[in-house]
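Structure first, commentary second.
Just so it is clear, none of the values below were taken in a lab; they were calculated from the coordinates. Please read all numbers here as calculations on a predicted model, not as lab measurements. Glycine gets a Cβ as well: all are built from the backbone with ideal geometry, and neighbour counts include every protein chain shown.
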């Protein structure tokens, strides 16, 4: 109804109609006319998007082209579309594996390891697993550098986790039955994880992904985050010393950066002319 009223007011301003008197009737008539046309007109054909091999391969090839040209973000997007259209484990494995390469180059090592593990779980071809696992090992090395964790401490932690799982399994088992040796007990008896046939996984990949925690935003890391980058300007104290104010007849007043800024840096802080505080919020 509001849209119809706006249309009538526009017609009145342009003097193209005698509308404007009795807006309620005019609006009702216009809305009724629109609804009648909607009923008479046919709905546009709906094309259901189905998973299929052709689109999955096409998007994967487009991702390969972006990856070769160094457009990693576009490559990740294409590989994700390839994964969305994949209708088999083989296509999903290829999409995961290719996307892991782009994620590694973007230094997203946690996401890279998750994709490598998913590719192996979906039965990535054995003859191509060498490069995939080498990429996973490199990502683990980068994570160790990032977290400054000694490999011996990580191995000790893994041994402690295995011992805990083994002890928990013994407690749940029947006391009348003899306890199997730890070396003969399979890990599938500890954790029931479904796996694809002939699929190989590296358990270290998902283990190391849990070691990377999301970074806190800057307003939680630093109490004094709301400060001007490079300090206040001597000429205009409300702006950063890294920018100057310029003027042009075409654009008016605008800022010009004289120093390098990073995304999220504050360049101007100014008190509002008027403001209202909603206490209930």
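State, to one decimal in nm, how far the label point of residue 268 lies from the label point of residue 130, with both points 7 Å from Cα in the Cβ direction.
Distance between label points: 5.9 nm.
At residue 256 and residue 107, where each label point lies 7 Å from the Cα along Cα→Cβ, what is the point-to-point distance in nanometres?
It is 3.2 nm.
Taking the Cβ-Cβ separation of residue 46 and residue 74 as r and a Förster radius of 22 Å, what is the calculated FRET efficiency to the nearest 0.05?
Details: r = 29 Å, r/R0 = 1.32.
Rounded to the nearest 0.05, the efficiency is 0.15.
Is the shape of region 53-147 rounded, prolate or oblate, going by the alpha carbon gyration tensor and its root eigenvalues a ≥ b ≥ c, with a/c under 1.5 for rounded and a/b larger than b/c for prolate?
Details: a/c = 2.16, a/b = 1.36, b/c = 1.58.
Oblate, since a/c reaches 1.5 and b/c is not below a/b.
Expected output is a single nm value to one decimal: the length gained when fully extending between residue 53 and residue 227, i.e. 0.36 nm times separation in residues minus the C-alpha distance. What is it? Show your work: numbers first, answer last.
Values: separation 174, 0.36 × 174 = 62.64 nm, distance 5.27 nm.
My answer for the length gained is 57.4 nm.
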